[in-house]
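Note sheet for the following structure.
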Amino acid sequence: MISLDQHREGLNQTGLEMLHLCTKQLENAREAFFNHDFDLAEEVLHTENRVNALDLKIDRDCERFIALHNPVASDLRFVLALRKINFDLERIGDHAFGISKYIIEVNTPIEERLLEKMRVKEMFEATLSMLEDITDAYNEVDTKVARKVFKKDKVLNEINMQSFGIISEEVKKDPNLIDQFMLLFSVIKKLERIGDLITNIAEEIIFYREAEVLKHQKKKKVRRSED
């Protein structure tokens, strides 16, 4: 039987592997999207099986860690946080899969000027930058780095909020662009959701390190604003 510390380190490394894998999936989805690369898109679809398998492994290993060691305090927070982080990473992998599937099924090349107008490249760069931050935060258990993603997520939200108005205006000028805009809108929605998932991961790192539950604070702020 391995010790608690050995088991925990093994879990930690598997979580890091999942982070790297899902980041690579999004990087490949980005390249496939901008280059209209069917082969790379297919690679993302096939690699989804690895993401799902690793997701199941982490979930089982977390359950085993709890059953074997009956962890308390920081060890318990670690395994609870990792399970939630793993869930969010698997969803990020799903969105990378979805973007790549669009490339194969929809087969609609996008004009460069539309990509610029909708700020899609900026969104991809922001999400990948957030994943880089969150990987560093996970590695170092650094809550200061984890908090960097909240500001970057606001950029994604802003682009998402503006996208519908831009589409409505541009399609009136040229209805033939509707297919390209609908594809862009779908990709933007997925990238905005990835940003939300990354902020969830940041919250879990902060929970593990500082025993601070940020979700409850968000709910209080929403209630105050509604009142």
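The values are calculated or read from the model by the stated rules, or taken from the named source; none is laboratory data. All figures in this text were calculated on a predicted structure; none of them were measured in a lab. Methodologically, a virtual Cβ is constructed for each residue, glycine included, from the backbone with ideal geometry; neighbour enumeration extends over all protein chains shown. Heads up: the accessible areas ignore ligands, DNA and RNA and are worked out on the full protein's heavy atoms, side chains in. Shrake-Rupley method; radii C 1.70, N 1.55, O 1.52, S 1.80 Å.
Annotations
- Scan segment 117-164 for residues that are modelled with pLDDT of 95 or more, of a type in the set (Gly, Ala, Ser) and within 23 Å of MET182 (Cα to Cα) and the total you get is 1.
- Qualifying residues in segment 24-76 (those that are in a helix (DSSP H, G or I), polar (S, T, N, Q) and farther than 22 Å from LEU115 by Cβ) - the one least open to solvent (accessible area, probe 1.4 Å): THR47
- Any chance ILE159 is under 19 Å from the mean Cα position of the chain (by Cα), more than 29 Å from ASP75 (Cα to Cα) and open to solvent by less than 20 Å² (accessible area, probe 1.4 Å): yes
- Any hit, segment 104-114, residues being over 29 Å from ILE159 (Cβ atoms), more than 14 Å from the chain's Cα centre (by Cα) and surrounded by fewer than 13 Cβ atoms within 10 Å (Cβ to Cβ): no
- When segment 198-213 is limited to residues that are under 18 Å from ALA73 (Cα atoms) and in a helix (DSSP H, G or I), the one that is most open to solvent (accessible area, probe 1.4 Å) turns out to be ARG209.
- Test: residue in segment 82-95 that is under 28 Å from SER163 (Cβ atoms), surrounded by 16 or more Cβ atoms within 10 Å (Cβ to Cβ) and aliphatic (A, V, I, L, M): yes
- In segment 1-23, the qualifying residues are those that are of a type in the set (A, V, I, L, M, F, W, C) and not in a helix (DSSP H, G or I), and the one that is surrounded by the most Cβ atoms within 10 Å (Cβ to Cβ) is ILE2.
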